[in-house]
Structures are given as structure tokens and as C-alpha cells.
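Please treat every number below as a calculation from the coordinates, not as lab data. Please read these numbers as outputs of a predicted model, since none were measured by experiment. Cβ atoms come from the backbone with ideal geometry, glycine included; neighbour counts cover every protein chain shown.
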Amino acid sequence: MKELITAENRKKISEVLFYIALTIELLVMIVEKSNYPFFIESYVFRVTFLLTIAAAFLKERNKKEWIIVFAVLAFSLLCYKLSGKNDLLRVAAFMMAARDIDTTKAMKYVFYISAAGFAIIMLLSVFGILGEVVLVEDFGRGSSSERRFVFGFGHPNTLLGSVFALLLMWIWIYGKKSGILSHAFVTFLAISAAVITRSRTGLAVIAITLVFTYALRIVPKISGVRISYILESIFSPVFCMLFAVLAAGFAENAYTGGGIPAPSFYWGLDDKLNQRLSNLYYGVDAHGGMLSNWKLFALPGSDGYFDMGWNRLFYWYGIIPTVVIGLAILAVIYVCYMRRDIWTVLLVFSVSLYTIVEATFVTRYIGRDFFLIIAGAYLAEFIRKMTAEAEIKEVNTNV
């Protein structure tokens, strides 16, 4: 029996459990994006949670790592008990299960499963089986008959968000090695998606992402420039969280007179963002998106929807959990610096930038958040480094 329960076998079993959970999460995500009714997702999420928690506990860890594991789970469980949302608990288990996973292999798996699923959604709409190809309605931009393509995804922003996710995965997996023709083809597809969905913010974010991609491809030495990592640490999460605070405060002041005094350009910015700032006030019951209504830990019922993703983090989960998420992002960027991994920094930047205006990645569907695989692996590396340094200091002190 002992011969079967070896470290190598535990590692293999853990990896199998992780991939089973990942596959289920991806399939649920694809079904959800298709707008096909799916009523048992909460039960499915319990299954994937059990699979990932089992995978996480099969990992070999030292004493200090186990203390951190239980502390993270306890914190996530507290968030669940206070808010009624188990998202952070599930995410924590998933990221712990991603430790020691071959990130490139896993990202390729997510990329091709997602691409195949999205292609099926589009084909089903084209052949009239499920979903609309085009929506003609009032999208809140001054026209009652605006025409935007959806190809079965239910909303043009959902289609664009899906293409954006594929773009980011392709850049991370293939961007640093692919030739000019591959980059040109991917650029054409991404820009075309933004044009047919008429997503102005999406087009801007995609354009910025592609410009940085070209820069990194042409000048690979950027990966060794320390300031690149420092600037990203300032942008993600500091600037993004500050923008969320100001947006919530400005919106509150504009509609109630409280909050933070709104600048003169507030309404112009709100118009450019398609009334996303105003929606912080109107979007949920009791105006939960307002700054004064944020809680240290979110309370039950904080589950309304609005577009701005960083604001949704504060509203859905609370101030303290969002700050913890910000610290985790900083730890990932630190590991990127140690590895000189500028391509993951670009991924963090692009997701953070997109999340300022869209909430695609602030979701209960882990299958959308492909970057959690990388974050889980990098945070595990950060923890191992910190605990190892602590042990060295302890030994030196005793000597």
C-alpha cells in the first residue's frame, strides 16, 4: 500500500483531478456564454471545488506552506460566510491545485478547448440552431436600432470579451516566438471582432495590448528592464483600484451630493464610457455601487451586475478581500520580475486594463479566468521563496 502512495503517484493523481475540474469549468463557461439555460451550475461548482481541494491537499508542502494554505482557506471561508458567495473559496482551491502544473501545457489546453467551444457557439447561431447572429436594438448609445454582431453569444460585449480572452492566451503562449504573418492574422481577427461588435472600449484595449505585444516582440530586451515591472506594479493594482474608488465616489457625488466632488469632465467621461459611471448608481438595488455603500466584507445580497470590473470586486467581495487580491497581483508581478517574464506582465496589464471598464473576468465562472492557472503557479513559487528565506534567516539566527 505504501508503495502506491508515493510522492510521484500523488502528484499524478493531483494533476488528473486538476484537469478534470478544469475541463468541467471550461464546459460550464462555454455553455454559459452561449446563453443556453443551465440550472445546476451551483451543484457542478461544488463538484469542481471538491476536485480542486483534493488536488491541492495531495501536494507536498512544508510546514510553513501548510500554515499559509489553511490561513488562505480560512480567510476565503470567512468571505463566503459573510457574503454568501463561495467564489473566492473556489478560486483559492483552484489556484492551490494549480501549483506545480505545467502552465504552458495547461494554457494550451484552455486555449484550444475555449476556441473549439466558441467556434461551436458561432456555428450554431449561423445555422439558426441556437442564438442570434445579429442584434438590432437600443444599446444605450443614442440609437434605437443599432446593429451589432453577437454570433450566438447573447451580447456583443460577450463575443468581444471571448475573442479578447483568446487573443491574450495566444499572445502568452505563442506571441514571443510567432512570426509576422501569425501576428498579422491574429491582429486582423481581433480588430475585426471589435469592429463588428462595435465595442469602442474593447477596440481601444485590444489596440493597446497589440502595440505592447509588438514592442515586446521587436525589443525583447524590455524583459530585463526593471522599470517595466515597477510601472506595472503601479498600474496593477494601485491605479486600477484608485480609479475604481474615484469612479464610485464621483458617481455618488453626481447623484447624491456625497462621495468625492466630481470634476467638470465627469459627464463627458461617463458618456465616453457609455454611462458606465452612472450605472454604478443605477445598476443595482440600493445603489450598492456607491463608495459609501462599500463594506470591509461584502454582505449577502451584494450580487448585482454592472460593467466596471474593479468596482464590482469591491462591491461583490468587500474592501479587504479586494486589497488581498491586489497584494496577490503584486506577488505575481514580483515573480515575473525574478523570472524576467515580461509576457505574463503584459497579460496582467491587459486583464487589469480591460477590467476597469468591463467585468468579464470578475465572475463565478472560473473557466473565464484562464490566468488563474499562471497566478496559482506563480503565487506558489512566491510562497516557497518567502518560506525558504524565512528558514534560512531562522537557521542563521540560531547559529
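Some points to look at:
- Ranked for footprinting exposure by Cβ neighbours inside 10 Å, fewest first, I120, I101 give I120, I101.
- Shape of region 1-121, Cα gyration tensor, a/c cut at 1.5: oblate
- V284, V332 arranged by Cβ crowding within 10 Å, fewest neighbours leading: V284, V332
- Summed residue charge, Cβ within 15 Å of S302's Cβ, Lys/Arg positive, Asp/Glu negative: +2
- Sum of -39500 (n - 2.57) over DSSP H runs of 4+, divided by residues of the chain (222 nm, nearest 500): -22500 deg cm²/dmol
- Between 0 and 90°, nearest 10: helix 319-339 axis offset from the chain longest Cα axis: 70
- Overall form of region 71-204 per C-alpha gyration tensor (a/c, 1.5; a/b vs b/c): oblate
- Scanning the chain for GluC sites (Glu not before Pro) in DSSP loops with at most 11 neighbouring Cβ atoms within 10 Å leaves 61-399 as the longest stretch between them.
- Remark: relative contact order (the chain) = 19 percent; criterion is Cα-Cα distance under 8 angstrom and separation of 6 or more residues.
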